[in-house]
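To start, the structure itself, in structure tokens.
The values are calculated or read from the model by the stated rules, or taken from the named source; none is laboratory data. For clarity, every value in this text was computed on a predicted model and none was experimentally measured. Cβ coordinates were reconstructed from backbone atoms using ideal geometry, including for glycine residues, and neighbour counts include every protein chain displayed.
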Amino acid sequence: MIEPEPISVSETAPLPEVVTPKISIQDLSKIELRVGTVRAAERVPETDKLLKCLVDFGEATGPRTIVSGVAMYVTEPNDLVGKQLAYITNLAPRVIKGIESNGMLFAVGEGDSFAFLTPSREVPPGTSAH
């Protein structure tokens, strides 16, 4: 009996592309993306992934608490203090591990390709993306 030759990865069919539904410009305009300045950051106790940040958007109500699942990409949370990062700011509040989060960090990638999105120069806290 003749043994079949092993198939190399390059000879296999490509994986199907994930199809994401298209959205209208009106749907996109519902997302409020603003730059916030991190004023404080700490790990959420008893979790591996969560960071709690106090983020300044220049609002009269003061900084917001935002919980993000990025602790594995941050060696020292205090290194984020003073950094300007992109956030989605019009999400309904959500309680995560007993902490009310009032926004969502907007970052890209995962693993070795993870990166924070930051402006190329300092901008006023709360500056909108467009």
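Scanning region 70-120 for residues that are in contact with a Gly (Cβ under 8 Å, 6 or more places away or on another chain) and among the β-branched types (Val, Ile, Thr) gives Ile88, Thr89.
So in region 79-112, with the set limited to residues that are farther than 13 Å from Gly69 by Cβ and of a type in the set (Asp, Glu), which one is nearest to the chain's Cα centre (by Cα)? My answer is Asp112. Of note, Arg34 does not satisfy the criterion of being outside any loop (DSSP other than H, G, I, E, B), within 30 Å of Lys83 (Cα to Cα), at pLDDT 90 or above and in contact with a Leu (Cβ under 6 Å, 6 or more places away or on another chain). May I ask you to list the residues in region 22-36 that are of a type outside the set (A, V, I, L, M), farther than 11 Å from His130 by Cβ and under 14 Å from the mean Cα position of the chain (by Cα)? Hit for region 22-36 is Gly36, nothing else. Within region 40-61, the residues that satisfy the criterion of being surrounded by fewer than 16 Cβ atoms within 10 Å (Cβ to Cβ) and over 16 Å from Ala129 (Cα atoms) are Ala40, Glu42, Arg43, Pro45, Glu46, Thr47, Asp48, Lys49, Glu59, Ala60, Thr61.
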